[in-house]
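The values are calculated or read from the model by the stated rules, or taken from the named source; none is laboratory data. The shown structure was predicted, so the numbers you read here are calculated from the model rather than taken from an experiment. Cβ placement follows ideal geometry from the backbone for every residue including glycine, while neighbour counts extend to all protein chains displayed.
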Amino acid sequence: MYYDNKFGFYIKQYGTHIIVSIICCIIVLAGLLLYFKINDNKNYNSALNNATANDVENNSQVDYDDSMLPQELRDLETGKKESVKVATIEDEGVLVILTNNSRVKAKLIGVDYTEIMPDTFYLINQDLEGQYVDIAFDEHKAENGYAMVYVYLEKDKLYNSKVLEQGNAILSSNLSKASLEYNDLAESQAYAKQNLAGVWGE
C-alpha cells in the first residue's frame, strides 16, 4: 500500500500504539501524583496527631486534685472569700497560709515568676507575712499540690494585680481569659509595660 508521506505511514502503522502509550503514561503520572498526595496527607495527619497528643500529655501533667486542701477551703465556692493568715513566704513566692490550724501552701493565680526583679520575693514577704488577708479561688482550687489563690488586701485590693502592676513578675501565659480576675490582671500588666515598671524597664 502506498502512502503520500512517511508521517501518514507511521500514523497508520503505530498510531494506536502511540495513543495507548500516552494513555498509560497519563495513568502512571496520575497514580504517582495520587500516591504522593496521600502520603503528604498521612504525614500531615501524623504530625497533627502527634502535636495533639503532646498537648494532651502536657495538659495531663497538671494535677487539679484539691483533696490536699482543708475541708473549709474545698467547700468554698468560686469567687467567695475566706479570711486566712499568711504565716510566711517560702522560696519562689509560695505562700504558707493558716486556716483553722491547717497550713496550706499556695501560689498567686496569674503570677509567673520566670521574670522577676531581684527583690520581688522580699517585697512579697514584706507585704504579706503575718498579715490577715482574704483569699478566693477560680474554677480549679489546686494545681500540682498548691492551692491557687487570689489574695485581697484592704478595700478588696487584689494583691496578684499589685505584683504585676509594679512589674515584679509577669502575667502567666496559660491563664484562661475566663478566669475570675483576668481583666484586672491583664490591665495591671499593661500598666506596668506602659510605665516601664520593674521587669519591663530593664
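So, Glu72, is that one surrounded by fewer than 14 Cβ atoms within 10 Å (Cβ to Cβ), within 27 Å of Glu129 (Cα to Cα), within 27 Å of the chain's Cα centre (by Cα) and at pLDDT below 95 or not?
no
What are the residues in region 108-129 that are surrounded by 14 or more Cβ atoms within 10 Å (Cβ to Cβ) and among the β-branched types (Val, Ile, Thr), if any?
Result: Ile109, Val111, Ile116, Thr120, Ile124.
Return the pairs, sorted by first residue and then second, in which the second residue is among the acidic types (Asp, Glu) and modelled with pLDDT under 95, the first residue lies in region 126-139 and is more than 14 Å from Lys85 (Cα to Cα) and outside the structural domain of Ser83 (by TED's automatic domain parsing), the beta carbons are less than 6 Å apart, and the residues are 6+ apart or on different chains.
Once the first residue is more than 14 Å from Lys85 (Cα to Cα) and outside the structural domain of Ser83 (by TED's automatic domain parsing) and sits in region 126-139, no partner that is among the acidic types (Asp, Glu) and modelled with pLDDT under 95 comes close enough.
Residue-by-condition table, conditions (1) farther than 22 Å from Leu73 by Cβ; (2) of a type in the set (Lys, Arg):
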site	(1), (2)
Val149	no, no
Lys162	yes, yes
Ser179	no, no
Ala186	yes, no
Gln189	yes, no
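Can you tell me which of (1) charged (D, E, K, R); (2) part of a strand (DSSP E or B); (3) under 26 Å from the mean Cα position of the chain (by Cα) is the one Lys85 doesn't meet?
For Lys85, the exception is condition (3).
Is it true that some residue in region 56-66 is at pLDDT below 95 and of a type in the set (A, V, I, L, M)?
Among the residues of region 56-66, at least one is at pLDDT below 95 and of a type in the set (A, V, I, L, M), which makes the answer yes.
Give the residue, chosen from Tyr132, Tyr152, Tyr146, that is within 23 Å of the chain's Cα centre (by Cα) and either of a type in the set (A, V, I, L, M) or modelled with pLDDT of 95 or more (or both).
Step by step, each of Tyr132, Tyr152, Tyr146 is checked, and only Tyr146 is within 23 Å of the chain's Cα centre (by Cα) and either of a type in the set (A, V, I, L, M) or modelled with pLDDT of 95 or more (or both).
Return the total of residues in region 80-107 being surrounded by 15 or more Cβ atoms within 10 Å (Cβ to Cβ), small (Gly, Ala, Ser) and closer than 11 Å to Ala147 by Cβ.
Adding up the residues that qualify gives 1.
Which is among the aromatic types (Phe, Trp, Tyr), more than 30 Å from Glu154 (Cα to Cα), surrounded by 10 or more Cβ atoms within 10 Å (Cβ to Cβ) and modelled with pLDDT of 70 or more, of Tyr44, Tyr35?
From the options Tyr44, Tyr35, the qualifying one is Tyr35.
Does at least one position in region 128-136 carry a residue that is at negative phi and out of contact with any strand residue (DSSP E or B) (no Cβ under 6 Å at 6 or more places or on another chain)?
No, region 128-136 contains no residue that is at negative phi and out of contact with any strand residue (DSSP E or B) (no Cβ under 6 Å at 6 or more places or on another chain).
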